[in-house]
């Protein structure tokens, strides 16, 4: 008897989609790398079809993430990474979220990425008297 997809299957599918989009990979390209059609990728991403363990490992290899990545923040769990997974899912559904993630990844320089995070965090807190220049200096251990 074939099991119907559940909330976890839909969550895993949404994480596949988010990671694929973050890397700029099309459904066609992912399907080709796995030897399946893009329609099957669509069904996985929408949670219509369940992803078997062997197929999930193949997806992990192509998308360069560990298996656990797809289960972070699964419905009904409060484990490590749940909040980060929810935040990631939220940003990936924002109109400019994918552009922001791609641009951030393209920076390539960890120091520059860290400075950008500090700047954005400071911008969020500008109304609270934060000093972005001070925050960047402190993040590098300078007064």
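Read-outs: derived from the displayed coordinates by stated rules, not from any lab. Quick caveat: nothing in here was measured; it's all calculated off a predicted structure. Quick reminder, even Gly has a Cβ in these numbers, built from the backbone with ideal geometry, and neighbours come from all protein chains shown.
Remarks
- Sorted by Cβ density within 10 Å, fewest first, the residues 69, 44: 69, 44
- Sorted ascending by nearby beta carbons within 10 Å, beginning with the fewest, 63, 30, 23, 107 become 107, 23, 63, 30.
- Full-stretch length increase - residue 65, residue 106 - with 0.36 nm per residue and alpha-carbon distance subtracted: 13.0 nm
- All-pairs Cα distance distribution in segment 7-95, expressed in whole percent, bin size 5 Å: 3, 15, 26, 28, 18, 7, 2
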